[in-house]
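Taking it in order: structure first as structure tokens, then the write-up.
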Amino acid sequence: MRQLIQYSKPAIFLLLGCFLLWISFKDIDLLRFNDALKRIPIQWIFLSMLLGYLAFIIRGLRWYLLIEPLGYKPKKSHLIHAIAFGYLFNSFIPRSGELVRCTALNKTSNIPVSALFGHVLLERLIDFIILGFCIWLSFILNHNKFLVFSQDFSFPLIYILYFSVFLFVILVSFKFRKNLFKQKHLNRVDTFIIGLKEGFLSFRKIQNKLLFSIYTALIWLCYLFMTVVCFFCFDELQHLTLSEGLFIMVAGGLGMVVPTPTGIGSYHYLVIKALVAIGITYETAGFFALIVHSSQALMILLSGAVAMMVLYMNKKNSHNE
């Protein structure tokens, strides 16, 4: 039964994404999208894709700063490819890429997966903090539009209750773990937790924290401008400001938080809502969401496929040595 639930999760999230995709485009004539596509300057789409991949590169360079204090010196190209490979897996099984990228790097560099996964947790925490800051800044800069955007959404209090119960169960299980689990299992869990802690706290050991902060800022600037440059694909969007671009990026970021494959459906739904709140027609908003999401999905598929081949070859070479 547990395996059935585990394997059905990707299908459930895919169905959710497809449902949101249908909701987003059921009132849009997609045949008109072909006509709009012919008029779109393709160079802006390529630039958006390059900016998306540049974010992967900078993530790889930032990851190196976390790994270095552990005494390992992997190839920076391997870090970048591992990240691209992880995003490729996320395209099919949401939230699987985090572990996959750690496993892939472990195969080529022999760095403990637990320490690498600690880095991933740290990165996710940083991402949520930055996204929270962007939401706050977007609210300040686009107050009225943000209120229009958010009025259709509410956060049910029952979710807070569910999370609280889940957290309580985890804490109780950890507290009484010696009574609940066999010693050999405890040893494995404790070893993994030590690795997680070591990876998560590696930020304190970073020699160049300023460079780490600069990389973090550049990653989010890439996210911002890979959205903004696509404004030039549509005449109706070219007047939008950078602050409105931040608003759209935040909406898209919230859509990517929903565990649908590559944010399919959830990204489109929230970006369309945000653009309509700004005053853009529903059809143009739908075409924009489709262009940005599709171009980034294509970038992830291409870079992930290349990364998979490169990492596989390096894995073979490391075993032959």
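Nothing in this text is a laboratory measurement; each read-out follows from the coordinates by a stated rule. Remember, it's a predicted structure, so these values are computed and weren't measured experimentally. Every residue, glycine among them, receives a Cβ derived from its backbone with ideal geometry; neighbour counts consider all protein chains shown.
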Open item on the list: Please report Rg (one decimal) and Dmax (integer) in Å for the Cα set of region 214-321.
Closed with: 17.1, 61
Task: Calculated FRET efficiency for the pair residue 39/residue 140, C-beta based, R₀ 30 Å, to 0.05 - done: 0.30
- [ ] Under 15 Å from the Cβ of residue 250, count the other residues' Cβ atoms, weight Lys and Arg +1, Asp and Glu -1, and hand me the total.
- [x] 0
Task: Cross-link table 26/273; 205/315; 26/145, entries beyond 21 Å C-alpha to C-alpha - done: 205/315; 26/145
Task: Efficiency of FRET from Cβ geometry, residue 315 and residue 32, R₀ 51 Å, rounded to 0.05 - done: 0.65
